[in-house]
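Below is one structure, written out as structure tokens, with a few remarks after it.
Since every read-out is calculated from the coordinates, none of them should be taken as a lab result. Owing to the predicted nature of the structure, the values given are computational and were not obtained by experimental measurement. With ideal geometry, Cβ positions are generated from the backbone for all residues, glycine too; neighbour counts draw on all protein chains shown.
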């Protein structure tokens, strides 16, 4: 019996060692050859109205090595006081993960590239141009409206830019449960099993864990794309989205604030040279025709890009922009805004 137990323990040890060694090799492989998109380990705080806010004066590093520094107002941006300095022109940008510069360094995000270009102008009307980036990953059109009315207008902006794409075609706000700064989806395995948030923080630093999560999300995305949304559901979602657009415009008009809606195509849409949710973008065109807002459509400049279109997007990511993608976006906004600055 003692020999049997010794053999069992030896086999168990060898099995555990083999498993640990395999995981280690897989982790090293995923670090050498990136199999996933980037992460967003930003420390989050719960909020009564918004899905979340980011911890002011915090910093973290994404799995691809991008520093995410959050300023004193809870934004991934430089420091800007709410009170606008004299002879300063302010552009307020509200949006989601593209504006946040997900998967890229902040200085390469289109808001900062645009700010640098506008400040390099000679003979402009203002001493300084500030492009304030309030992008929050996952924010819907409703969340954009609420952020604008709660915080955005405190900056006394001169122009409002609203970043949009077909991912915003949703009827509800983002729903997350935040525990110790870590967000989870309601009803997720993390919450059902009551796994400590510290475990999730550690796993988010694992390239293997992120790769597995990426593959699972890609499979789900593929099956979701094959599912046709019913006409009634689409109409309801469009009605909510359109209502949020109108609320943003009304709030902006009450503050004498011109509105620019800037739309970026997803990688699959760019390949088709057509948006998969044309009704969503038609509403933006209608708002422009009604002289309520300006619609900046990035489909054409992206389609005309002289290089490989893959270069416009972050590796292993069908939505978020690379430094080149942000540059093209900033150039288009620059062309639309330069006459206001000079």
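Each stretch of four or more DSSP H residues adds -39500 (n - 2.57); spread over every residue of the chain, this sum gives -14000 deg cm²/dmol at 222 nm. How much FRET efficiency would the formula 1/(1 + (r/R0)^6) give for residue 282 and residue 198, where r is the Cβ-Cβ distance and R0 is 41 Å, rounded to 0.05? It comes out at approximately 0.30. What share of the DSSP beta bridges in the chain is antiparallel, in percent to the nearest 5? Around 30 percent antiparallel, to the nearest 5. Taking the C-alpha atoms only, the angle from helix 207-225 to the longest principal axis of the chain is near 60 degrees. Look at where the Cα atoms of region 164-178 and of region 62-76 average out, and the two centres are 21 Å apart.
Length available on full extension from residue 304 to residue 88: 0.36 nm per residue minus the Cα-Cα distance, which gives 74.4 nm. If I fit a long axis through the Cα atoms of helix 323-341 and take the longest principal axis of the Cα atoms of the chain, what angle between them do I get, 0 to 90°, rounded to 10? Its long axis makes an angle of about 20 degrees.
The label-point distance for residue 189 and residue 150, in a model that sets each label 7 Å from Cα toward Cβ, rounds to 3.1 nm.
For Cα pairs less than 8 Å apart in space and 6+ apart in sequence, what is the mean separation divided by the residue count of region 58-110, i.e. the relative contact order in percent? Show your work: numbers first, answer last.
On the way: 43 pairs, mean separation 15.1, N = 53.
Contact order relative to length: 28 percent.
Hey, what angle do you get for helix 141-150 against the long axis of the chain, alpha-carbon based, 0 to 90 degrees rounded to 10? It is inclined by approximately 70 degrees.
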